[in-house]
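**Q** Sharing a structure here in structure tokens format.
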């Protein structure tokens, strides 16, 4: 951490800052510039509260030097995290595809979709039983009934199941039925939920908040990691910007950025990132070309009758076509699918 | 709701959309333009899923006409919501000021601060016992111990207490000690929490998500209202933009916009909206001038020793000075403080 | 400037960076942390290209310490810039109000409006003769004819005139008719135009780009200042965010932030910042309360017939009412109007 | 265009709106909903000023139905625009790569780079002679001298040249030396420049403003098209968002969105979109996979000595490697490179 003193800060002010930092157990390093004095802090700055130091008299600005996350960083673990799930390696050479409807609507719908996405080559089945909806008047999901249908679909197809968990008290229930717990974009900083999911030891797909930075995503992963749970996939699902033509803006830069910063596998959600089914193929290809380790795609047998997110769902034949188109791109970047 | 058909949509496509809408119990209204056909939907469109209709063949776009919130809207309730709290009218002619530290750090700190803000004219005491922190390595609050200190401070000063609740299972505990439950910016769309707080019947301060629109804020209020709890204050606390000089960007437009759209009282948080104590006075004055019904301000006796958010906290004398400066502005807009 | 080396950067890499910086005429200062080495650069870093240094082997990050603007900063000139214009002090104790239509539409319209805003207490007349319009099919302004009508309106009322200039080759023409040259939000970084306006020596109102930072606004002012022209007003006119209820988001934080960072007068444009006439009064009051030195407000005698921006224009009686409401607020913050 | 009347709008108010619209030469269509009346406007709404209609009494909101651009739209011209440039088809089956330094720094630098990028397979040489720089203290380009060096580099290598033009009065000068005129991100809405470039008849690369929507980009293209110049490439170069880890956020969604909305060729600039050379390869691959018709990439023989944008420039060997990696991806999406 670097403390930049104001132009004209007095010797007394500088000394007080140095004393305070040293009283907290850090060594300091003074550098007298032509316009400003700079105090360097030597040691692991992460536990320090920069806001409070920033309030001392004569201080202009605090500049952090170290990244605030540790367990999630490549500095800490240079090798990729790879873990097994239902016979697939997540984070390895193979690109993992999770597909299925936004919401589980009925037993028939989810089992039919499961068969279709499996046939097209998907590796996991997605489907929401508990749905976070902006409006209290919208369909909120089938709840435990939906979870049971998902489990039936798994039995019928052999596909592992990923589904969202929305509250700490749901974790143990969802964990009985699912193979991967999904934390949605609105809950990326729901710390009670991160805690509960961390404790569960279950594989987790952590979605980036729609207005969260890459660094904040990694801090939320750090919460889960610090509870001893290391089976985490990070998911870029589009961020909120001023552009309104698409539902969100897929931050494709985040894919190689995250691959540099962290060892955790990176998944892309082209359905939420665009909000329009006719854009899903193009950005799915982009995600694979950019180095994503997985995709999570909404597929619905009858999008125009879907109870949510129909506009961004692919029909099964279109999904099968996309899978076929993705294979040569995966190959072009040295991966399989 | 208006359904805009694509240029060149066939009569068959138009008929299918009309049939589907009518099968859902709505009447329709066809308008043949020069380039496009438009289908108007007559009736309360709120329960309709526009995404799915948008997926039908030949449809270009769905345009909602009605606002998606109802109980929160001025159309539904033209008169301002005013409710009593500890002898103060919230949402009335008087502007309510809530002040105190970001986090309860000790018994002494909170009681001392309570006395100081009361003397300066504050009406409620704020202070966090459960703290949502980006980093798992930061101070997470004193928990129930902090709640007890808040209750002591209330006893000592007579100030009502507002404090944050972060998870559904904390609601009953926090409700034992607090007078107002605060929902933080990261939890604005934590629907399990909105549900629990709605059921509690306690007064609520609902903070706008830093990434949420005015409409989404009102939809979250709608969740609480739909559980029968009508004592809600909405809080503008700054949104996330590209500007990095300040921590957030106070959306001052939101104050008069919300006053037009809803009957609920509007509170502004100048501390989080700026992140810099030296900007707090100017934007507090702006908020009052723009028509806010209340302010929630961070005050700490020793900001440079604060365990969180020191940079945006006022010292008590500066807070007292601000209260004195706010009075003539309140008067200039026909309010008291 | 601080150069943060990567964890594990070699001594050779560190030495090469030091040599390069010293070869450019700067002294350096080495600080060996536990995880990273930091190289401080002593001297005025502004002419250094940080991107290129950032490309050297072993460098993780470059952290600028000094602000990149100089002539515009309070460090350079602590006292407020105050200049005279048509008998008014700009940047002084009095708040200056500029009012008039978005576009000059006819001789009658502008002269009628000029009389009305003068009577209500405005100090300058605004009106566009050259209009930047998103669509090539929209009204582009009356051009020189519009400038002549503005000059007539000045003669008739004694009000000084502010109008927009859109291209370097228009500067001399516009300068013949106007008292203040306005640079619009889309041209804040039109460097050829900033150059021409700087050379003109005319008073300038420089609008912030709708997606430009406070620092970039000050850098654009620096362009004008570096050509020797010091009569500049900076104008906050709303920035672009994800919120769509209003046309832009007024960055009220920018008002006190700019007052701290620069000595130049700060004007607020509540009309463009909201895009809705019914929000203009509330945010105008907020701007004055926050410390703005001036306001620029759209007023049109017949907004529903306006050729542009009718939605955000006040009718003259409403403008007069607003002027009356602003006076006690100006007084409450120690100003007159 | 749809005019939504307020709940409770009177018959008189509705009639006045209808009369006004009809007086402007449009037919109307009334639809009486349960809560609101809607007035549909029949005819080409583009010349109508919606702001002014929005100000009429009783009007709640105006909803445009038609897109505001025409010549740029696929509705108007369904087939892709393809044009010849120096023996290459722009917008055809082949993906065009433009490469070279941010700024022309010397005769040797640009000629050396031209040879290197040609050998690696680039089709055009890029290089700035006039540089838009945020700071007046930064290198502003060599001007006409730089243009001459570019022309020499063309002679030496046979590569066509693309370079930026910053002001209307530079157009004829730059057109003497360059094959393609580039309009930079800060000038996307510099209408005087769009006009001049439209008149020039030269091929144009129009960069999206960092703060501009897809629709606004197409409106700016419409300005050029409406002057009869149809040889336009649109360039997505990253937009400004809240994320600070990268310089900008590449809006990869914009590539397929633009391919749907317009017939013009789409180019991606991965260098400005990321600001970091080590992210350029990944996002270049993503752009090709998403359907881009071209790339414009910064290459510098010595990035750490570059006078601008060194951090985002590739060294020639890395660029040659990228070209090799792009070929199988181009093939995977049915293109060549």
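**Q** Which of B:272, A:278 has the fewest other C-beta atoms within 10 Å, and how do the rest follow up to the most?
**A** Final ranking by Cβ density, sparse to dense: A:278, B:272.
**Q** Before anything else, pin down the relative contact order of the stretch A:215-321: Cα pairs under 8 Å, at least 6 apart, normalised by residue count, whole percent. Kindly include the intermediate steps, with their values, before the conclusion.
**A** Numbers: 160 pairs, mean separation 23.5, N = 107.
Relative contact order comes out at 22 percent.
**Q** Please tell me the relative contact order of chain C in percent, rounded to the nearest whole number, where contacts are Cα pairs under 8 Å and at least six residues apart.
**A** 16 percent
**Q** Taking the Cα centre of each part, how many Å lie between the stretch B:66-101 and the stretch C:1-75?
**A** Comparing the Cα centres of the stretch B:66-101 and the stretch C:1-75, I get a distance of 53 Å.
**Q** May I ask you to report, in nm to one decimal and beginning with the shortest, the distances from residue C:87 to the same position in the other copies, taking label points 7 Å along Cα-to-Cβ?
**A** 5.4, 7.2, 9.0
**Q** Continuing with this model, one more query. What's the percent breakdown of Cα-Cα distances in the stretch C:99-220 across 5 Å bins, shortest bin first?
**A** For the stretch C:99-220, the pair-distance distribution reads 2, 12, 22, 22, 19, 14, 7, 2, 0.
**Q** Distance in whole Å from the B-onto-A rotation axis to the closest C-beta of chain B, together with the residue it belongs to, please.
**A** Closest Cβ to the B-to-A rotation axis, residue and whole-Å distance: B:211, 1.
**Q** Rg/Rh for the stretch C:290-337 to two decimals, with Rh computed the Kirkwood way over all alpha-carbon pairs.
**A** 1.08
**Q** Given an 8 Å cut-off on Cα distances and at least 6 residues of separation, report the relative contact order of the stretch C:275-337 as a percent.
**A** In percent, rounded to a whole number, it is 37.
**Q** While we're on this one: In angstroms, what radius of gyration and Dmax does the stretch B:189-337 have, counting Cα atoms only?
**A** Rg, Dmax (Cα atoms, Å): 15.8, 43.
**Q** Let me ask another. Would you mind getting the Kirkwood hydrodynamic radius of chain B from its Cα pairs, rounded to one decimal in Å?
**A** Kirkwood radius, chain B: 21.5 Å.
**Q** Compare the peptides B:286-294, A:188-196 by average per-residue count of other Cβ atoms within 10 angstrom and give them in order, highest first.
**A** Sorting B:286-294, A:188-196 by mean packing, highest first, produces B:286-294, A:188-196.
**Q** Mind checking the mean number of beta-carbon atoms from other chains within 10 Å of the Cβ atoms in C:155-163?
**A** 0
**Q** Can you give the mean number of other chain Cβ atoms that lie within 10 Å of the Cβ atoms in peptide A:53-63? Let's see the in-between values first.
**A** Numbers: counts 4, 8, 14, 4, 1, 0, 2, 2, 1, 1, 6.
Taking the mean over all residues of the peptide, I get 4.
**Q** Continuing with the same structure: For the ranges B:81-90, A:63-72, what's the packing order if you count other beta-carbon atoms within 10 Å of each residue, average per peptide, and put the highest first? Present the calculation step by step, with values, prior to reporting the outcome.
**A** Working: B:81-90: 15.3, A:63-72: 19.5.
With the highest mean Cβ count within 10 Å placed first, the list reads A:63-72, B:81-90.
**Q** Take C:7, D:210, D:56, B:233 and order them by how many other Cβ atoms sit within 10 Å, fewest up front.
**A** Neighbour counts put them in this order, fewest first: C:7, D:56, D:210, B:233.
**Q** I've got another one for you. Please grab the % of Cα pairs in the stretch D:7-133 that end up more than 27 Å from each other.
**A** Counting pairs separated by more than 27 Å, the tail of P(r) holds 54 percent.
**Q** Note the distances from residue A:44 to each other copy's matching label point, with points 7 Å along the Cα-to-beta-carbon direction, in nm, sorted shortest first.
**A** 4.3, 5.7, 6.9
**Q** Mind checking D:128-135 for the average number of partner chain beta-carbons within 10 Å of each residue's beta-carbon?
**A** 4
**Q** Another one. 222 nm [θ] for chain A, helices only, -39500 (n - 2.57) per DSSP H run of 4+, per residue, to 500?
**A** Values: 11 runs with 119 residues, N = 337.
About -10500 deg cm²/dmol.
**Q** Using every pair of alpha-carbon atoms in the protein assembly as shown, split the distances into 10 Å bins beginning at 0 and state the percent of pairs per bin, rounded to integers.
**A** Histogram of Cα-Cα distances, whole percents per bin: 2, 8, 17, 22, 23, 18, 8, 1, 0.
**Q** Follow-up question, since we're still on this one. Under the Kirkwood approximation applied to all pairs of distinct alpha-carbon atoms, what is the hydrodynamic radius of the stretch A:155-225 in Å?
**A** Taking every pair of different Cα atoms in the stretch A:155-225, averaging 1/r and inverting gives 12.3 Å.
**Q** For the stretch C:2-63, would you read off the P(r) tail past 19 Å as a percentage of all alpha carbon pairs?
**A** More than 19 Å apart: 18 percent of the Cα pairs in the stretch C:2-63.
**Q** Given labels modelled 7 Å from the Cα in the Cβ direction, how far is it in nm from residue B:172 to residue D:176?
**A** With each label point 7 Å from Cα toward Cβ, the separation is 8.5 nm.
Rule-based calculations on the coordinates, nothing more; no lab input. Since we're looking at a predicted model, the values are computed, not measured. Here Cβ is always computed from backbone atoms with ideal geometry, including for glycine, and neighbour counts include all displayed protein chains.
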